[in-house]
Protein chains: 2
Amino acid sequence: MTALEPLKPTDSGALPRYREIYDALRQKIVSGAWPAGHKLPSEHELARTFGCARMTISKALGALAEQRLITRRRRAGTTVSAPRPQESVLEIHDIEAELVAAGSTYDYECLDRQVRPANADDASALGVTAGTPVLSLIGLHRADGRPHAFEERLINLRAVPEARRERFSRTSPGRWLLQRIPWTDAEHQICALNADAAIARRLEIPRHKACLSIERNTWLDEQRITHVRLIYPCDQHRLIARFRHQRA
Amino acid sequence: MTALEPLKPTDSGALPRYREIYDALRQKIVSGAWPAGHKLPSEHELARTFGCARMTISKALGALAEQRLITRRRRAGTTVSAPRPQESVLEIHDIEAELVAAGSTYDYECLDRQVRPANADDASALGVTAGTPVLSLIGLHRADGRPHAFEERLINLRAVPEARRERFSRTSPGRWLLQRIPWTDAEHQICALNADAAIARRLEIPRHKACLSIERNTWLDEQRITHVRLIYPCDQHRLIARFRHQRA
DNA sequence: TTCCCTGATATGTCTAGGCATATTATGATT
DNA sequence: AATCATAATATGCCTAGACATATCAGGGAA
């Protein structure tokens, strides 16, 4: 827990002042010199230490608070936050874009297409009342001609009536929706499962082979747009998530 | 593309001014009134429109830029960003905290512990040069007495020398590290796999049962701290990721 | 034309104050 | 001792300016 030093008068001038201060304070925290719960000097005091206006300190502290590294409370002052459960940013890409970027050819084949009033399963998966018209699609994504992912999808035709006219025989519904329909929220659930007979046949893999299942629900404000479940053989897909350091 | 209205003089005073401005501008963008590429009025102009100082406008724009909803460039001005590929926030919790929160009992059992110079496998997994001293730990997490997750971990003893003295016979190394060692970056890789004989025996599941594998690498700035691989039976773990609407 | 110089412009950062508000500490009253 | 009013304090938000800097538009020279 060493003392703060006033920064050199930024002769090189590469970084803005508030950024230098941000970095200096951040270093104290991530290095452990200021452990969780440690009370920082007041803004006035920091302004004196660093030789700048309080507003500049406030900006640096604001950025640290944004990153959840510190907690600021009026009168109570500023303290180092406790680490909070890990939280990563997971990018989930469009299958087609991903494959094309990797230099593979891509195509989509429709295996089944039905328009029907939502049955009980549909209703619970899509979160609509039974009887709502839905479009059910089952399809296969291929990379270089070989099966890559199996897709089961439900589209809420009340939210996306124009999907009723679409055949989806070669264009993947994911891409079609992404380009046309705005949406505000999404939720993903990721789990592992053993391929059952139907999946094994479609993906041309042995029965019981491990697969990664990604389920996605999409909303436009309060309205449900679509529910999709993608199943990848274990050796063909891998999610990568990168962390941004945050604390609560 | 309707005109901006000066906000009412915040009679209720619930939200700070910059937040109201942030919300007003954000509404223009997410509603589509200002499409991607649209040029926003200059800060001076916005300050006149909203009847406040330019600094206040700048703060609102700064927050929008942070959310990647707009792009700001000197002289060129501020424009609405293009939507970017889906990005979800994935929370990966501490196993113990998760189980205790769910009302289960938790314990950890150490199955193997070795201090050794990094061999080729260690070196590539942990990203250190061969010969660097590492602590290798293999352990089992139990929930209500039943196996819940299998853990293989490597700790860089050059980064965390104090781990050498720790037995880790009952305390999980994850928790120990999380509480003691600061870190700045992490990366997760998630995939599915079939249980091999060793994993099946440890987790008391049939061979070939699908499992979810989560690998995590942790850094403190440039230095590698630890590499861990957690394997969960498919019916015992599920990751959930929620989306935050962002643009680039 | 092409290239470079120059001025105009919009954002980036900063200052030195101000009032507002939440919270804690203190002191007075019951 | 317990409760409540009050003052002190630290952050939160704001202003009205300032200079710095990146970039664009225009004009003049090769």
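The values are calculated or read from the model by the stated rules, or taken from the named source; none is laboratory data. Computed from a prediction, not measured in an experiment: that's the story for all the values here. A quick note on method: Cβ atoms are made from the backbone with ideal geometry, for glycine too, and the neighbour counts reach across all protein chains shown. With ligands, DNA and RNA removed, areas are computed over all heavy atoms of the protein, side chains included. Shrake-Rupley method; radii C 1.70, N 1.55, O 1.52, S 1.80 Å.
General remarks:
- Of all residues in the range A:197-225, exactly one satisfies the criterion of being open to solvent by 10 Å² or more (accessible area, probe 1.4 Å), among the β-branched types (Val, Ile, Thr) and farther than 25 Å from residue B:209 by Cβ, namely A:218.
- In the range B:172-190, the residues that are more than 14 Å from every other protein chain (Cβ to nearest Cβ) and in contact with a helix residue (DSSP H, G or I) (Cβ under 7 Å, 6 or more places away or on another chain): B:172
- Test: residue in the range B:212-233 that is touching a strand residue (DSSP E or B) at 6+ places or on another chain (Cβ under 6 Å) and not in a strand (DSSP E or B): no
- Sole exception among (1) within 11 Å of chain B (Cβ to nearest Cβ); (2) under 25 Å from residue B:200 (Cα atoms) for residue A:199, by number: (1)
- The set of residues in the range B:219-232 that are at pLDDT 90 or above and either more than 13 Å from residue B:128 (Cβ to Cβ) or not assigned by TED's automatic domain parsing to the domain that holds residue B:161 (or both) comprises B:228, B:229, B:230, B:231, B:232.
Results for (1) within 21 Å of residue A:222 (Cα to Cα); (2) not small (Gly, Ala, Ser); (3) not in a loop (DSSP other than H, G, I, E, B), shown as yes or no for each residue.
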site: A:153; (1), (2), (3): yes, yes, yes
site: A:158; (1), (2), (3): yes, yes, no
site: A:163; (1), (2), (3): yes, no, yes
site: A:177; (1), (2), (3): yes, yes, yes
site: A:188; (1), (2), (3): yes, yes, yes
site: A:192; (1), (2), (3): no, no, yes
site: A:199; (1), (2), (3): no, yes, yes
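- Residue in the range B:186-194 that is closer than 13 Å to residue B:231 by Cα and over 24 Å from the mean Cα position of the chain (by Cα) present: yes
- Looking only at the range B:42-72, and only at residues there that are under 30 Å from residue A:181 (Cα atoms) and open to solvent by 40 Å² or more (accessible area, probe 1.4 Å), the one that is farthest from DNA strand D (Cβ to nearest atom): B:68
- All positions within the range A:134-171 that are in contact with a helix residue (DSSP H, G or I) (Cβ under 8 Å, 6 or more places away or on another chain) and open to solvent by 30 Å² or more (accessible area, probe 1.4 Å): A:162, A:166
- Of the candidates B:46, B:40, B:69, the single residue that is more than 26 Å from residue A:97 (Cα to Cα) and touching a strand residue (DSSP E or B) at 6+ places or on another chain (Cβ under 8 Å) is B:40.
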